[in-house]
Amino acid sequence: MSPHAFALAASLESCGMNAQVLPEPDDETLEWGRQYTSGKECFPCIVTTGDMVKFTKRPDFDRNKSAFFMGGSGGPCRFGQYNALQRMVLDQIGYKDVPIYAPNQAASFYNDIGIVGRKFLDQGWRGVIATDLLEKCLRETRPYEKVEGTTDAVFEKCISILYDAIKSSANLVPALKECRRRFESIEVDRTVQKPIIGIVGEFYVRANAFSNQDIVRKIEKLGGEVWAAPILEWFLYRNVRRSMRATLSGNYMLWFKNQLMDKYMKHQEHELTSVFAGFLRNLHEPSSSQVLDMASDYVHRSFEGEAIMTVGKAIDFVNKDLSGIISIMPFTCMPGTISDALLKRVREDMGEFPFLNMVYDGVLQATSQTRIEAFMHQARQYNKRIEPSPAHLVEAGV
């Protein structure tokens, strides 16, 4: 799905399990995915189903030693049905004996995922944080590199360093310090500050370059820099939701346990984030409660799912004086459709900042590039009218 998958694979390896990241999706993925879906499913469902089927077609696939790791969910999103459909597909193609491990991200999440071992929870979470930080380094450096390809090479090396550290259950701070040193060694030219574009939207498509047709690189080639909503925000948001549900149901023991877990996770985030103080401008993230507060004028806090987080994070980016916002969603995504409508209201209320909603279904559309080019022209013009937020300059040590 994204480089974060390597962190999760390394976490499983640290628990004594053999884990392998599936190859990047491609056109063959879509062929298999569309063959075993009806066309009414979300685009991420088609891609992940195609990935599973494609992997079973490999000559080295061993059904006796294989299981697929796939998320699960309840709530107002079809994501929770992916693994149920994929179970039916594997049964249909003759792999009834190949399990799908699908921890539910609702109230039972930590119990479900903890069956692998407590170490997996700890290492996996730290790996997600670290990968988010490395992606921030990548996106804040690559648009300014003097030698094309240097930043990508450093990023790939850092993902490898992180993988080895997680797999060996090592402290990730020294590994991240080494990664910072490598990024700092890249020759850059920052004489011209490029317009910064914030990317928000559906969790999977915004993180998967194949699914979003590599929109980050397209923006960079058109002279922009990208700040994207991090993957870790979803895990912390689910902590907030679990606490809210526990309070409503009167399950105060669950509330207490979730609060302890949330504090521990935030402590880990603070420890790893501090490694990049003075280097990253987009270093600190608002808390999930702050994001919900930002969105509360448009979506009630009780409304679950990605819509409220998309709206809140977009407002956060606008408050940080970014030059434009792109919201990414799969075709027919229910939360995405809601957030798209609400962000138009946000734009009216907050000064008509450049905004673009991009919808993906795996089909290359001739107008997509034209829309992005027009948006970037607007962002450059908007960028000339705003000053960088002083908080960002101080944070970056400027």
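The values are calculated or read from the model by the stated rules, or taken from the named source; none is laboratory data. From a predicted model like this one, the values you see are computed outputs, not experimental measurements. Please note: Cβ atoms are built from the backbone with ideal geometry, for glycine as well, and neighbour counts cover all protein chains shown.
Quick notes on this one:
- Residue within the range 15-32 that is over 24 Å from GLU135 (Cβ atoms), of a type in the set (Ser, Thr, Tyr) and modelled with pLDDT of 95 or more present: no
- Condition met for GLU140 (at pLDDT 95 or above, outside any helix (DSSP H, G or I) and closer than 23 Å to ILE199 by Cβ): no
- Flag: PRO25 does not match the condition of being surrounded by fewer than 20 Cβ atoms within 10 Å (Cβ to Cβ) and either assigned by TED's automatic domain parsing to the domain that holds TYR360 or assigned to a loop (DSSP other than H, G, I, E, B) (or both).
- Some residue of the range 202-225 being at positive phi, buried (at least 23 other Cβ atoms within 10 Å of the Cβ) and not in a loop (DSSP other than H, G, I, E, B): no
- The residues of the range 40-89 that are under 22 Å from TRP234 (Cβ atoms), among the hydroxyl-bearing types (Ser, Thr, Tyr) and part of a loop (DSSP other than H, G, I, E, B) amount to a single one, SER73.
Residue-wise test of (1) under 21 Å from the mean Cα position of the chain (by Cα); (2) closer than 22 Å to GLY127 by Cβ.
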{"position": "GLU225", "(1), (2)": "yes, no"}
{"position": "SER249", "(1), (2)": "no, no"}
{"position": "ASP262", "(1), (2)": "yes, yes"}
{"position": "LEU280", "(1), (2)": "yes, yes"}
{"position": "LEU292", "(1), (2)": "yes, no"}
{"position": "SER296", "(1), (2)": "no, no"}
{"position": "HIS300", "(1), (2)": "no, no"}
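Matching residues to (1) closer than 21 Å to MET358 by Cα; (2) aromatic (Phe, Trp, Tyr):
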{"residue": "ASP27", "(1), (2)": "yes, no"}
{"residue": "TRP32", "(1), (2)": "no, yes"}
{"residue": "SER38", "(1), (2)": "no, no"}
{"residue": "ASN64", "(1), (2)": "no, no"}
{"residue": "GLY72", "(1), (2)": "no, no"}
